Each structure stands twice: as C-alpha cells, then as structure tokens.
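Novice: First the structure, which I've put down as structure tokens, then a few questions once you've had a look.
The values are calculated or read from the model by the stated rules, or taken from the named source; none is laboratory data. All values derive from a computational prediction rather than experimental measurement. All Cβ positions, even for glycine, are placed from backbone atoms using ideal geometry, and neighbour counts span all protein chains on display. Heads up: the accessible areas ignore ligands, DNA and RNA and are worked out on the full protein's heavy atoms, side chains in. Shrake-Rupley method; radii C 1.70, N 1.55, O 1.52, S 1.80 Å.
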Amino acid sequence: MNNRLPDISLPFGVSDFLPDAAAKIGYIEDRIRRVFELWGFRRVITPKLEYEDVMALGLGDGLKNKTYRFDDRQTGRLLAFPPDITPQIARIVATRLAASPLPHRISYSGRVLRQTESQTGRSREIFQSGVELIGLDSPEADAEMVAMAVEALQGLGFSDFKIDLGQVEFFRGIVESSGLSGQPLRDLLEAVARKDASAVARICAESPLSEESRREIASLPRLFGGREVVEAADRVACNSRSRAALDNLRQVLDILDIHGVSDYLTIDLGETRGLDYHTGITFEGFVTGLGVPVCGGGRYDSLAGRYGFETPATGFTFDVLSLLQALERRPELEASTARDFLLFNRGSDRRQALETARLLRSRGYSTARDIIRRDVQPSLEYARRMNIRCMLVMGDESDKGVVRAIRTRDGKTVRLASDMLCRDGLMEYIEENQGE
C-alpha cells in the first residue's frame, strides 16, 4: 500500500502570502489607493482572463512572449492571463466607456502573471497598483503622473528616492535622423541602455553617419543627471523631433517645479525602455537599497487606437511586491499586521463578552473572541503569536464590573471599569498605562 502524499508544492514563481505578508500588502495598496482617490481617480476591476488575440493588440513583443495562453473549451479560442493591466484599461475605454466624456481618470489594483526563466528566480506574479489618465495630450497630465508617484512614495514613508525621467521621442529623433537600422541599431540600443560610451563610439565609427548624427549618438550615454542634462542635450540635438521632445520635457519640468517635487527628479535622455510602447515622457521610481524600480510609466498615445478609439493617454503603475521588499521591517508596516483585542471570558455567561466585542468593533477596534476553553496564559501566548496587541479578561466573579487588559508586548495588566471601554483613545490609554 502506497501512503505517500501527492506533490502539493506550488508551481515555480508563485507564492502563498500568509496573514502578516497579506496585511502588509493590503496596507501598501490602501495607502496608494488613497492617493489615487485624492487626485480624483476612480477604480475599475479588470478580469483575470482575456481572449489572447484581444489582449495581444495592446502588448509589445516583450510582453507577448511572457503571456500564459491556453484553450477555451467553450469557444475554441485562445485565452490569456493578462501580463499587464494597462491594455485592459485601453480596451475598457475603447468599448465600455467610448460614449463617456473625456478625460478618464482610472485607477486599478490587481495581480498579473508573466512567464519568467526559472534560473532568474523572479516571481511570475506581479501586484500592480496604478492609474491611467486618458484623453489629455498635455504636459500637465504627464507632470500629474510624476507628482502622484512622489506623493504616494512620501505617504509610504520614503524620503530617499528618485524619479528618473526620460523622453523617448528625443531618442527616436536621433535614431531617425541617423538612418541606423538592423543589427547596428540593435547594438546601439543595448549599448545605450548599458551607458557603454566605448561601445557607442565603436558603432559610430563603423557606421556611415553624418557628423551631426555622430555627435548626437555619442552624447546619449552621458545625458543622465540633473536639470543641466536638458541644456547639454539642447547643445547637441540638431533634428527637429528631438528638439520638440526637449521642449516638451522643459514644460513638464516647469510644472513639476510648481508641484514642489523637483528635488526628487533625475533625467535620463538615453533611456531606451518602452520604445515600442511609449510616445513621450517616461519615468521610473527608485528607492535606496533596492536595485529594481518600484514604479514606472509614461505617455502611450497610440494604445487605445489599437482597440479602435484614438485618444492620448498617460499613466503609471507601482510594483507592490517591490515596495514590500523596500519597506520590510519599517515600524509602520509592521504595525499594519497587528490586531487590537482578544476577548477571554472566565465565566460561563458569554453575553458580556459578545456585547463587549460588538461595542469595540463599533468603535473601530479589531476584536476576536477566544472561544476555545483554556487558561489565561495559553490564550495570552496565542494573542502574542497572532500579533494581537491586548487581551481583555472578563467574567471574573471575584471582580465584577472590572475588565483586565493584558498587554501582549510586556504582560502588564491595566484594570478597566466596564464603562471605560467606551472612552476615546482606549488603546492609547492601555498602551501608555504603567500597568501592574
């Protein structure tokens, strides 16, 4: 007889999120969502499945290759798990909201799945919280995205972070005027992405370029830094497309000055990310100690048109799991995992305990009943393990009308008259009291 258990492990690249981690994720998402709401954005919930051919309309080649696909038995068509939420928003705007007035301020929060190489160790699941501002072709709309990202990062307690601004039209103008294509262009993209000035110089030397194009291309790895980058780019850019991109970037930067967020900005005009998708300003957010961006986005004026609705758009999304990694062990994040009260009833009459639980919940305190019959000490240990801040002991026949509040952090007892449970600042009183 074979008593071996079946393999109950999870697929590579996905995870269970236990209560503490789930509470932290919820805390991060709630803080971000509140910023979105304050800026006038309204939430939508997108489906977990789409028809693959519909989803593919809004995906670049990179994401198409990372999409999970499978057959739909009902229709015979291919279904897909969305690898990104932004194309879903574009589809919704082009279909369900086509008759609604512009602009649309839409927010979302959800999980997407992407294929990854097993050796990278990266998660296939990505928690996204983002916004899309659809229907405005305006530097102010682009600046609004950056300012919101800064405000959300500040609201999460970050102070040491940077928003890296780019403008893909600047790069496109230089490439277009150079005439580079094929393998030399692919090599240039890789070299510029690595900020490899020597490789860029070699490509320039091996390619039939005008002196103006050589000068423009050679400058790309060095166009990274502060506001002075714009002026340096202005001195080398000769083509009209790149110069128009610089004018647009200046306008966005001037508006960001008004928002008061310029100290958080860096500029990278050699940024090649999203060339097949973005159409103007792009940005990524980085926090100290984490080597991957925690947010990113930019302008994508051609996306909704792929679904039959031509309109400009800009947006960005946070990678919630990257934020979780960056915030790990922060006191405010740890505090989000705690619950307030566990009620322990010594007596046989449960009425007082149930009525007290209802009272505390009505006043905004998370409150659980310790229904299992056991002694005080095991219940207190349970409360500690479950990260519950305080255990209330009631029903003691020898001490009627009194509730004992036992703090789990130090085991100190604070005696409370029953009517004190209605007082404002109850938890603060318990936490700050000397106790017995």
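Novice: What are the lysines whose alpha-carbon lies under 17 Å from the alpha-carbon of K66, with same-chain residues fewer than 8 places away excluded?
Specialist: Cross-link targets: K48.
Novice: Calculate how steeply helix 197-206 sits against the longest principal axis of the alpha-carbon atoms of the chain, using the helix alpha-carbon long axis, and give the answer as 0 to 90 degrees to the nearest 10.
Specialist: 30 degrees
Novice: Report P(r) for segment 159-277: all Cα-Cα distances, bin width 5 Å, range 0 to the bin holding the largest distance, values in whole percent.
Specialist: 2, 12, 23, 24, 18, 11, 6, 3, 1, 0
Novice: Let me ask something else. Hey, what angle do you get for helix 182-193 against the long axis of the chain, alpha-carbon based, 0 to 90 degrees rounded to 10?
Specialist: It is inclined by approximately 50 degrees.
Novice: Mean separation of Cα pairs under 8 Å and 6+ residues apart, divided by the residue count of segment 183-234: what relative contact order is that in percent?
Specialist: Computed over segment 183-234, the figure is 33 percent.
Novice: How would you classify segment 1-68 from its alpha-carbon gyration tensor, with a ≥ b ≥ c the square roots of the eigenvalues: rounded for a/c under 1.5, else prolate if a/b is greater than b/c, otherwise oblate?
Specialist: Cα axes put segment 1-68 in the oblate bin.
Novice: Please pull out the direction-averaged projected area of segment 264-343, using the convex hull of its alpha-carbon atoms, in nm² to one decimal place.
Specialist: 8.9 nm²
Novice: With no solvent and one point on each alpha carbon, what is the Debye value of log10 I(q)/I(0) for segment 225-378 at q = 0.18, 0.20 Å⁻¹?
Specialist: Log10 of I(q)/I(0), two decimals: -1.18, -1.31.
Novice: Can you show me the helix-derived [θ] at 222 nm for the chain, built from DSSP H runs with n ≥ 4 at -39,500 (n - 2.57) apiece and divided by the number of residues, rounded to the nearest 500.
Specialist: -11500 deg cm²/dmol
Novice: Once you sort the root eigenvalues of the Cα gyration tensor of the chain as a ≥ b ≥ c, which label holds: rounded (a/c under 1.5), prolate (a/b larger than b/c) or oblate (the other case)?
Specialist: Prolate, because a/c is 1.5 or more and a/b exceeds b/c.
Novice: Would you mind checking the tilt of helix 168-178 against the longest principal axis of the Cα atoms of the chain, expressed as 0 to 90 degrees and rounded to 10?
Specialist: So the helix axis and the longest Cα principal axis differ by about 20 degrees.
Novice: Per the Cauchy relation, a quarter of the hull surface: what is the mean projected area of the convex hull of the alpha carbons in segment 46-108, in nm²?
Specialist: 4.9 nm²
Novice: Please give the peptides 413-424, 75-86 ranked by average Cβ packing (other Cβ atoms within 10 Å per residue), highest first, as a rough proxy for protection.
Specialist: Put in order of decreasing packing, that is 75-86, 413-424.
Novice: Any aspartates and glutamates with Cα under 14 Å of the K162 Cα? List them, leaving off those in the same chain fewer than 8 positions away.
Specialist: Of all the aspartates and glutamates, those that pass the test against K162 - Cα under 14 Å, at least 8 places apart if same chain - are E151, D263, D268, E284.
Novice: Could you give me the ³J(HN,Hα) list for segment 122-139, computed from phi with Karplus coefficients 6.51, -1.76, 1.60 and θ = phi - 60°, whole Hz, x at Gly and Pro?
Specialist: Taking θ as phi minus 60°, the curve returns 7, 6, 7, 9, 10, 8, 10, 10, x, 9, 10, 10, 10, x, 10, 9, 8, x Hz for segment 122-139.
Novice: To continue, here is another question. Find the centroid of the Cα atoms in segment 18-93 and in segment 314-335, then give the distance between the two in whole Å.
Specialist: 19 Å
Novice: Looking only at E284, E169, E355, which one moves most when the chain is put into a Gaussian network model with springs between Cα atoms under 10 Å?
Specialist: Comparing E284, E169, E355 in the GNM, the peak value goes to E355.
Novice: Over the chain, average the accessible area per residue using a 1.4 Å probe and give it in Å², no decimals.
Specialist: Per-residue accessible area for the chain comes out at 51 Å².
Novice: Note down the magnitude of the dipole of segment 253-397 about its Cα centre, charges +1 on Lys and Arg C-beta and -1 on Asp and Glu C-beta and zero elsewhere, to the nearest 20 debye.
Specialist: In debye, rounded to 20, segment 253-397 gives about 1200.
Novice: Does segment 320-416 classify as rounded, prolate or oblate by the C-alpha gyration tensor (a ≥ b ≥ c root eigenvalues; a/c under 1.5 gives rounded; else a/b over b/c gives prolate, otherwise oblate)?
Specialist: prolate
Novice: Can I ask one more? Taking all protein chains in place and a 1.4 Å probe, what share, in percent, of the accessible surface of segment 324-426 do carbon and sulfur account for?
Specialist: With neighbouring chains kept in place, the figure for segment 324-426 is 46 percent.
Novice: At 1.4 Å probe size, with the rest of the protein present, what percent of the exposed accessible area of segment 268-323 is carbon and sulfur atoms?
Specialist: 56 percent
Novice: Treating only the Cα positions of segment 339-388 as identical point scatterers, give the base-10 log of I(q)/I(0) from the Debye formula at each q in 0.14, 0.19 Å⁻¹.
Specialist: Log10 of I(q)/I(0), two decimals: -0.33, -0.61.
Novice: Any idea what the dipole of the chain comes to, in debye rounded to 20, about its Cα centre with Lys/Arg Cβ at +1 and Asp/Glu Cβ at -1?
Specialist: It works out to roughly 1660 debye.
Novice: In Å³ and rounded to a whole number, note down the convex hull volume per residue for the Cα atoms of segment 363-436.
Specialist: 100 Å³
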